[in-house]
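Notes for the one structure printed next.
The values are calculated or read from the model by the stated rules, or taken from the named source; none is laboratory data. Remember, predicted model here, so these are calculated numbers, not experimental data. Heads up, the Cβs are rebuilt from the backbone with ideal geometry, glycines too, and the neighbour counts pull from every protein chain shown.
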Amino acid sequence: MRGFIPYIPAGYPDMEVTVEILEMLNTLPVKGVEVGVPFSDPVADGPVIQMAHKESLDNNTTLEEIIYILSDLSLNYELYIMSYLNPIIHYPYGLKKLLREFNRIGVRGLIIPDLPLKEIPNVRIDYPIVPFVAPNTKGEELDRINKIAPPFVYYISRYGVTGARDDLPFVGHMKKVKQKVKVPLFIGFGISTLQQVRAAWKIADGVVVGSALVKIMGETPRPHVATRIRLKIEELMGL
């Protein structure tokens, strides 16, 4: 079995449920978890995750609260923060303070959808950043990845925004990227079935699943969300 990273939007449907999910994930063989920071203009995300961002913001979820909650949890998987650039560089107490907090609570890396690969050296965020690779990413850009040595590479498996779909396109390019990069390759965007997960595992080191889980969060009564998420992940992993 290869790696599996679920995306969990913090504060959706509320922070209590987020904590229940994060603690429940300790019981599953997941590689890591992406904790999503809500943002008012999540341009890389489809309607399901956009809705989650809006509801989380309506709940007044802040990055400060997310750090506070995470610092109180004992997690046995790798922790990643997925955030758009604005909340990070405009953290109220300063970027250096934020990065110290990330280090203190054990964040392995930052996933920033609106930060292009070529701009990573220019933003001067002194913390491991997980770069995105798309089907149109060229060889010279992949060379940059090997220079920065990130925790893993996030392959965007389709053009457009996040959202569950049935196919797994661009397999040929995925294989080329896997041969080129020297760090683990994870495939995301549209992964929603066991068949897709298995197909991705044949190519890469793991998958990232977001919309398929967030959809369940929006459809399930709050007391049962963590259980439904566990069942869905077990299904996707073939457990």
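Does PRO47 fit the bill of being buried (at least 22 other Cβ atoms within 10 Å of the Cβ) and not aliphatic (A, V, I, L, M)?
No.
Of the candidates GLU55, GLU101, the single residue that is surrounded by 16 or more Cβ atoms within 10 Å (Cβ to Cβ), more than 15 Å from the chain's Cα centre (by Cα) and modelled with pLDDT under 95 is GLU55.
Flag not set for SER71, criterion: small (Gly, Ala, Ser), under 24 Å from PHE4 (Cα atoms), crowded, with 16+ Cβ neighbours inside 10 Å and modelled with pLDDT of 95 or more.
Here HIS53 fulfils each of the conditions (1) in a helix (DSSP H, G or I); (2) of a type outside the set (Ser, Thr, Tyr); (3) under 15 Å from ILE233 (Cβ atoms) apart from (3). Listed by first and then second residue, the pairs with beta-carbon distance under 9 Å, at least 6 apart or on different chains, first residue in segment 11-40 and within 18 Å of PRO223 (Cβ to Cβ), second among the aromatic types (Phe, Trp, Tyr), are THR18/TYR12; LEU25/TYR77.
Across segment 112-155, the qualifying residues are those that are under 23 Å from GLN179 (Cβ atoms), in contact with a strand residue (DSSP E or B) (Cβ under 8 Å, 6 or more places away or on another chain) and in contact (Cβ under 8 Å) with a residue 40 or more places away in the chain, and the one among them that is surrounded by the fewest Cβ atoms within 10 Å (Cβ to Cβ) is PRO151. For segment 1-35, a tally of residues being of a type in the set (D, E, K, R), part of a loop (DSSP other than H, G, I, E, B), more than 12 Å from the chain's Cα centre (by Cα) and modelled with pLDDT of 95 or more returns 1.
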